[in-house]
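**Student:** First the structure, then my questions, so here it is.
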Amino acid sequence: MASNNSTHLKNSLDRMFKINFKRKSDESILFVSDFTEEYMLKTITQAKFKQIKDRNLYTKKLFNLTKELYGEKFVKLREFPSVLQSGLDAPDYVTEELKTCDIFIIPTSYSLSHTNTRVQATNVGARGATLPEFEPYMFDINGSMTADYNEIDKEIKKGISFISEINPNKSRNVHITSKRGTDLTFTIMEGERELKDDNGLYTERGSFGNLPAGEIFTAPMEGTANGTMLIEKGWSVRAKEGEDMIFEFKDGLLISLTGANDEFLNLVDLNPKKKSEKDPNLIKTRRNVAELGIGMNPKATHYESVLEGEKIKGSCHIAIGTNKFFGGNIMSDIHLDFIINKPTILIEEVTFMDEGKFCF
């Protein structure tokens, strides 16, 4: 894991807290990090073990630089043994600590975005960002963290307005295609499933998102997704090395998957070599088509990272698993995103995106 110049990094942190959070001088900041223990090597690879360890060390560097900026009185670090799966809650002591802070920064190796841990914190007014699988290059001089988030906010508002004017206040049929083979349809609608924005500006109590940020997202109607999604080789860590992943969906659920690694196949119980003993209802929630996201960050370029890749301007992503926390009905123990490169997106036959280029 690369490192940043400390002076540049400290300036970047100061900019982040001033712009993305509009931190007041007396507001507390909590960093949350997961760490490794030797027993984890029974279930994860040595390479993944090292990634978690390195990310924990880098988070400590961010924590120490932030203390230098604002003083020990206002900056804390809370660590916990990695839960080894995105979508699982952190231990209770982490949740309780999060509920006492003003601003949280969570650069963990597994995502706490769509968990009760995060929800309990934002419900009592804490605001912040999750940074699952964060990489130091995101803080580089032209990295995705340096994007002009006020400009991104303007673009997001234009995009949401464009979609909202298509068949106002009614459901909308979405059709996503790509040259490589994606051909997927589903329905989105207004109301509780309104189009949401992650603009990177978390200045109000209880506000939350990712950093780096920059996307429009919504929860498609359960049971409506049908068709094929192709994820190009190199665009997901859950693929077999050098292979595309091909997802087949029927009536809102994943029913077939090729090109995925065994770990992911086992997670969704689609590995022909090994059948899961998990509850069939749990497997069904894991296969749910949970999210449509549309990338809006012009500084995002690293597609091998889901955190940054799903923000690439002109991409879109589909997630499976939980959508309960942003308007859907499904609660699961996972929320996993998969990025489609340069898609064409039709909404009620109106072209929203044409091979990665916006039409608004």
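**Student:** Condition first: at positive phi and in contact (Cβ under 8 Å) with a residue 40 or more places away in the chain. Can you find one or more residues in segment 78-98 that meet it?
**Tutor:** Scanning segment 78-98, I find at least one residue that is at positive phi and in contact (Cβ under 8 Å) with a residue 40 or more places away in the chain, so the answer is yes.
**Student:** Considering only segment 3-31, state which residues are among the acidic types (Asp, Glu) and touching a strand residue (DSSP E or B) at 6+ places or on another chain (Cβ under 9 Å).
**Tutor:** GLU27
**Student:** Mind checking which pairs have a first residue in segment 247-276 that is free of Cβ contacts under 8 Å to residues at least 12 places away in the same chain and a second that is assigned to a strand (DSSP E or B) and among the β-branched types (Val, Ile, Thr), Cβ under 9 Å, 6 or more apart or different chains?
**Tutor:** Matching pairs, first to second residue: none at all.
**Student:** Looking only at segment 1-12, which residues are buried (at least 16 other Cβ atoms within 10 Å of the Cβ) and either out of contact with any Phe, Trp or Tyr (no Cβ under 8 Å at 6 or more places or on another chain) or in a loop (DSSP other than H, G, I, E, B) (or both)?
**Tutor:** Correct list: ASN4, LYS10.
**Student:** Looking at (1) touching a helix residue (DSSP H, G or I) at 6+ places or on another chain (Cβ under 7 Å); (2) outside any loop (DSSP other than H, G, I, E, B); (3) closer than 24 Å to GLY309 by Cβ; (4) of a type outside the set (A, V, I, L, M, F, W, C), which one does ARG118 not meet, given that it meets all the others?
**Tutor:** Among (1) touching a helix residue (DSSP H, G or I) at 6+ places or on another chain (Cβ under 7 Å); (2) outside any loop (DSSP other than H, G, I, E, B); (3) closer than 24 Å to GLY309 by Cβ; (4) of a type outside the set (A, V, I, L, M, F, W, C), the lone unmet condition for ARG118 is (1).
**Student:** While we're here: Would you point out the residue of segment 276-302, among those that are part of a loop (DSSP other than H, G, I, E, B), in contact with an Asp or Glu (Cβ under 9 Å, 6 or more places away or on another chain) and over 14 Å from ALA213 (Cα atoms), that is modelled with the highest pLDDT?
**Tutor:** Filtering first and then ranking leaves ARG287.
**Student:** Please work out if GLY234 is in a loop (DSSP other than H, G, I, E, B), over 21 Å from HIS114 (Cβ atoms) and touching a Ser or Thr at 6+ places or on another chain (Cβ under 7 Å).
**Tutor:** no
**Student:** Does LYS284 meet the test of being surrounded by fewer than 22 Cβ atoms within 10 Å (Cβ to Cβ), of a type in the set (Lys, Arg), more than 28 Å from VAL174 (Cα to Cα) and out of contact with any strand residue (DSSP E or B) (no Cβ under 6 Å at 6 or more places or on another chain)?
**Tutor:** No: the conditions fail for LYS284.
**Student:** So which residues in segment 104-124 are surrounded by fewer than 22 Cβ atoms within 10 Å (Cβ to Cβ) and aliphatic (A, V, I, L, M)?
**Tutor:** VAL119, VAL124 - these are the residues of segment 104-124 that are surrounded by fewer than 22 Cβ atoms within 10 Å (Cβ to Cβ) and aliphatic (A, V, I, L, M).
**Student:** Mind telling me which of the residues GLY327, GLY309 ends up being among the small types (Gly, Ala, Ser), on the phi > 0 side of the Ramachandran plot and in the same structural domain as ALA225 (by TED's automatic domain parsing)?
**Tutor:** Only one candidate passes the filter, namely GLY327.
**Student:** When you check ASN271 against the structure, is it over 20 Å from LEU184 (Cβ atoms), touching a Leu at 6+ places or on another chain (Cβ under 8 Å) and not basic (Lys, Arg), yes or no?
**Tutor:** Yes: the conditions hold for ASN271.
**Student:** Moving on to the next point. How many residues does segment 23-54 contain that are at pLDDT 95 or above, touching a Leu at 6+ places or on another chain (Cβ under 8 Å) and not in a helix (DSSP H, G or I)?
**Tutor:** 4
**Student:** Restricting attention to segment 210-227, does a residue exist that is more than 29 Å from VAL119 (Cβ to Cβ) and either in contact (Cβ under 8 Å) with a residue 40 or more places away in the chain or outside the structural domain of ILE330 (by TED's automatic domain parsing) (or both)?
**Tutor:** yes
Quick grid of which residues meet (1) of a type in the set (A, V, I, L, M, F, W, C); (2) over 26 Å from GLU355 (Cβ atoms); (3) in a helix (DSSP H, G or I):
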residue: MET145; (1), (2), (3): yes, yes, yes
residue: GLY159; (1), (2), (3): no, no, yes
residue: ILE163; (1), (2), (3): yes, no, yes
residue: ASN167; (1), (2), (3): no, no, no
residue: LYS170; (1), (2), (3): no, yes, no
residue: HIS175; (1), (2), (3): no, no, no
residue: THR203; (1), (2), (3): no, yes, no
residue: GLY209; (1), (2), (3): no, yes, no
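**Student:** Is it the case, given these coordinates, that GLU248 is of a type outside the set (A, V, I, L, M), in contact with a Ser or Thr (Cβ under 7 Å, 6 or more places away or on another chain) and part of a strand (DSSP E or B)?
**Tutor:** yes
**Student:** Shifting gears a bit: Would you say LYS99 is modelled with pLDDT of 95 or more, over 22 Å from SER207 (Cβ atoms) and either among the small types (Gly, Ala, Ser) or not assigned by TED's automatic domain parsing to the domain that holds HIS335 (or both)?
**Tutor:** So LYS99 does not fit the description; no.
For (1) touching a Gly at 6+ places or on another chain (Cβ under 9 Å); (2) touching a residue at least 60 places away in the same chain (Cβ under 8 Å); (3) on the phi < 0 side of the Ramachandran plot; (4) buried (at least 18 other Cβ atoms within 10 Å of the Cβ), each residue gets a yes or a no:
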residue: THR130; (1), (2), (3), (4): yes, yes, yes, yes
residue: PHE134; (1), (2), (3), (4): no, yes, yes, yes
residue: PHE139; (1), (2), (3), (4): no, yes, yes, yes
residue: ASP148; (1), (2), (3), (4): no, no, yes, no
residue: LYS157; (1), (2), (3), (4): no, no, yes, no
residue: ILE166; (1), (2), (3), (4): no, yes, yes, no
residue: ASP183; (1), (2), (3), (4): yes, no, yes, no
residue: GLU190; (1), (2), (3), (4): no, no, yes, no
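The values are calculated or read from the model by the stated rules, or taken from the named source; none is laboratory data. From a predicted model like this one, the values you see are computed outputs, not experimental measurements. Because the Cβ atoms are built from the backbone with ideal geometry, glycine has one as well, and the counts that use them run over all protein chains shown.
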